[in-house]
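*Asks:* I have a structure I would like to understand better, so I am pasting it below and will then ask my questions one at a time.
The values are calculated or read from the model by the stated rules, or taken from the named source; none is laboratory data. Since this is a predicted model, take the numbers as computed values, not measurements. Using ideal geometry, Cβ is built from the backbone for each residue, glycine included, and neighbour counts are taken over all protein chains shown. Surface areas here come from the heavy atoms of the whole protein model, side chains and all, with no ligands, DNA or RNA. Shrake-Rupley method; radii C 1.70, N 1.55, O 1.52, S 1.80 Å.
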Amino acid sequence: MNAFQKLGLDTDVLQAINDMGFETPSEVQEKSIPILLEQETDLVALAQTGTGKTAAFGFPLIQKIDPDSKKTQALILSPTRELCLQITNELKNYSKYKRSVNVVAVYGGASITEQARSIQRGAQIIVATPGRMQDMIRRNLANISSIDYCVLDEADEMLNMGFYEDIKSILSHTPKEKKTWLFSATMPKEVAKIASKFMNNPVEITVGSKNTGAENVSHEYYLVNHRNRYEALKRLSDANPDIFSVIFCRTKRDTQKVAEKLIEDGYNAAALHGDLSQNQRDLVMKSFRTRQIQMLVATDVAARGIDVDDITHVINYQLPDEIETYTHRSGRTGRAGKNGVSMVIISKSEVRKIRTIEKIIQQKFEEKEIPDGMEICKIQLFHLANDIRKTEINHDIDPYLPAINEVLEGFSKEELIKKFFSVEFTRFNNYYKKAPDLSSEAAGGRPEVSEGNTRYFINVGSKDGFDWQSLKDFLKETLNLGRDDVFKVDVKGSFSFFNTDETHSELVLATFTEFQHQGRFVNVEITKDQSSDKKGKRGKRKGRRDGSPKSYNDKGNFGKRKGSEKREKKGRKGSRNKNIENSIKRRRAKA
Ligand code: ADP
Ligand code: MG
């Protein structure tokens, strides 16, 4: 006897299960299915994401539906359009050997009249988002007055999204005698409230540890000047070398932009938002699950249903428009009994929002400072030391050992360690030594957002083997700037000109202070006539760098940040220093 059969399921459902390739029921299925089949009862089932809750209510529901009656017998409420469609699809699969069971999905952003028409053709099961369902009821397009079952799926998420009032109102249109089945990953207060208010003596099933969602997540906020947001994000990441995180932005555009910048800067990042095709999204999620991506930059909508357990940090690059959404974001970490941190990068004017959130989550935030350069160097060094301790020796290097030993002959172990660590330290130190204190800049709150471009003079040109393209590449790589950040590159004989956005001028000047290549000082100055140099930016500045150094990681290459595809295509595998070396090499080849 098949394990599903033992739970009391009929042949037609069993056959469908067989087609789907399910062999053994998951724990939540094992516990819920017999109860739902045998008893007419309310039920609260708590189980982590990805444990098969859909089938836990779907199998019994399909079995209990009367195909001979066309009236709507069940309503499933689910938080998003995506989940709605998923559930609908699953239910169609489950019922494929059962004749004339109709499942209709009802969600926003699609024609309501189409959906109403499908319902009129006879929908025994409606799968709906609360908002659209409300509309349907208001406009008399659906009749749920004699349903037998109401399923609240992913109840915590629905409540996180502020659907409490909608759910309450929808339930008021359903008969008292119907049975309510509530499925949720966590049991925050709001879910408990729904259960106690709208359910009748529910049977409770808990799989795994009961997770209130909040207790193992700590909340931190970092005050920065808004123009330093991105720099702050990178520091938070650099200060947490093993970070595995979801970074939330408000819009698709920002999501894409931040992800692109991170990739440019050599981080293992990707964007997840609604403009991607389902296929692209699946690919991104796959890379995230397998840890090829350490920083997933996502919109709230796209991040729904992310069922990855070991997320160490949630970073709110921007706070959500709807403050209630914060709980949903922070709930991505601290799952499965693990600890998690939810970080918020904010500017001064947003502090009051933090106070509002504290009231909602009933937890205090800790105000923390963006780590400074030296702290990050220290963290990275210790991380490196630990990695070295854990690294297994790769015997492919054996043939080279005699030669390497020769090169390093005469150094003591202490000296070797010092030298080895100096390599890494210098790299980080060079990058961070001129980095400003972002926290103190936040306090100043300068509203400096500049428009306009800055034009520079640089004392290299075609005589040094550059054309506009190779000079642009060289500048981009040396400055660690993005594709379009260096423009209007004009190469002359022994000098050239180029533009950047005014906001990068400090970086440019700082980078080319005492900058040498091929034994020669490369000098950059802002050109007086063509720049929008109203603020008198000439001369040396305490610089801020926008790029990032590479860190040492457990794969043994530099950069946690190890070759994203994009980087590899560009041949930018190494460190900042390597980039410079490469462009020099390229030019040598040309010369
Ligand atoms: P949840 O709602 O708990 O997050 P889902 O119902 O979405 O989880 O199921 C997660 C995945 O597990 C789906 O791809 C589903 O097809 C699969 N699945 C569910 N039950 C089983 C089972 N008994 N055996 C194998 N796969 C299953
Ligand atoms: Mg689910």
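*Asks:* Considering only the other residues whose Cβ falls under 12 Å of the Cβ of PHE487, what net charge follows from Lys and Arg at +1 and Asp and Glu at -1?
*Replies:* So the surrounding residues net to +1.
*Asks:* The stretch 75-125: percent of C-alpha pairs farther apart than 19 Å?
*Replies:* 23
*Asks:* Let me ask you something else. If you take the charge dipole of the chain about its Cα centre, with +1 on Lys and Arg Cβ and -1 on Asp and Glu Cβ, which of THR186, VAL258, ALA270 is farthest toward its positive end?
*Replies:* Comparing the listed Cα positions along the dipole, VAL258 ranks first.
*Asks:* I've got another one for you. Once you have a ≥ b ≥ c as the square roots of the Cα gyration tensor eigenvalues for the stretch 353-499, tell me rounded if a/c is under 1.5, and otherwise prolate or oblate according to whether a/b is larger than b/c.
*Replies:* oblate
*Asks:* Going down the list LYS71/LYS176; LYS390/LYS413; LYS257/LYS378, which pairs span over 28 Å between their C-alpha atoms?
*Replies:* Distance filter (> 28 Å) returns LYS257/LYS378.
*Asks:* Would you work out the charge dipole size for the stretch 96-160 about its Cα centre, treating the Cβ of every Lys and Arg as +1 and the Cβ of every Asp and Glu as -1, and quote it to the nearest 20 debye?
*Replies:* 500
*Asks:* Moving on. Which Cα, out of THR51, ILE397, VAL489, lies furthest along the positive dipole direction of the chain (beta carbon charges, K/R +1, D/E -1)?
*Replies:* Positive-end residue among those listed: VAL489.
*Asks:* Here is a follow-up. If you find the alpha carbon centre of the stretch 294-349 and of the stretch 104-126, how far apart are they in angstrom?
*Replies:* 33
*Asks:* Going down the table (LYS6/LYS197; LYS234/LYS364; LYS261/LYS353; LYS234/LYS338; LYS70/LYS179; LYS6/LYS179), which pairs top 30 Å between alpha carbons?
*Replies:* Among LYS6/LYS197; LYS234/LYS364; LYS261/LYS353; LYS234/LYS338; LYS70/LYS179; LYS6/LYS179, the Cα-Cα distance tops 30 Å for LYS6/LYS197.
*Asks:* Using a/c under 1.5 as the rounded threshold, could you call the stretch 57-180 rounded, prolate or oblate? The axes a ≥ b ≥ c are square roots of the C-alpha gyration tensor eigenvalues, and prolate needs a/b larger than b/c, oblate otherwise.
*Replies:* rounded
*Asks:* Here is a further query. Students sometimes get this wrong: rank GLU90, GLU424 by accessible area, probe 1.4 Å, all chains present, largest first.
*Replies:* Output order, biggest surface exposure first: GLU90, GLU424.
*Asks:* Which shape class applies to the stretch 31-117: rounded if a/c is under 1.5, otherwise prolate when a/b exceeds b/c and oblate if not, where a ≥ b ≥ c are the square roots of the Cα gyration tensor eigenvalues?
*Replies:* Since a/c reaches 1.5 but b/c is at least a/b, the shape of the stretch 31-117 is classed as oblate.
*Asks:* Heavy atoms of the protein only, probe of 1.4 Å, neighbouring chains included. What is the accessible area of LEU283 in Å², nearest 10?
*Replies:* Here the residue's solvent-accessible area equals roughly 110 Å².
*Asks:* Give me the one-decimal nm value for the distance between modelled label points at PHE487 and ILE112, 7 Å along each residue's Cα-to-Cβ direction.
*Replies:* Label-label distance for PHE487 and ILE112, simple model: 4.3 nm.
*Asks:* Let me ask something else. Work out the length of the dipole vector of the stretch 102-260 about its Cα centre, built from +1 on the beta-carbon of each Lys and Arg and -1 on the beta-carbon of each Asp and Glu, and round it to the nearest 20 debye.
*Replies:* 560
*Asks:* When the helix-only estimate is applied to the chain (DSSP H runs of n ≥ 4, each -39,500 (n - 2.57), divided by the residue count), what is the mean residue ellipticity at 222 nm, nearest 500 deg cm²/dmol?
*Replies:* -12000 deg cm²/dmol
*Asks:* Dimensions of the stretch 139-265 along principal axes (Cα, Å, largest first)?
*Replies:* If we take the Cα atoms of the stretch 139-265, the spans are 58, 39, 23 Å.
*Asks:* For an R0 of 25 angstrom, estimate the FRET efficiency from the Cβ-Cβ distance between GLN362 and GLN278 and round to the nearest 0.05.
*Replies:* 0.10
*Asks:* Find the Cα radius of gyration of the chain, compare it with 2.2 N^0.38 Å by division, and give the number to two decimals.
*Replies:* Taking the Cα Rg and dividing by 2.2 N^0.38 Å, one obtains 1.17.
*Asks:* On to the next question. Determine the dipole magnitude for the stretch 21-86: charges of +1 sit on the beta-carbon of Lys and Arg, -1 on that of Asp and Glu, nothing else is charged, the reference point is the Cα centre, and the result goes in debye to the nearest 20.
*Replies:* Its charge dipole is roughly 280 debye.
*Asks:* Keeping all protein chains in place and using 1.4 angstrom, which order do ARG389, ARG355 fall into by accessible surface area, from largest down?
*Replies:* These residues rank, largest area first, as ARG389, ARG355.
*Asks:* At a Förster distance of 25 Å, what's the computed FRET efficiency of LYS92 paired with LYS71, Cβ-Cβ distance as r, to 0.05?
*Replies:* After rounding to 0.05, the efficiency reads 0.85.
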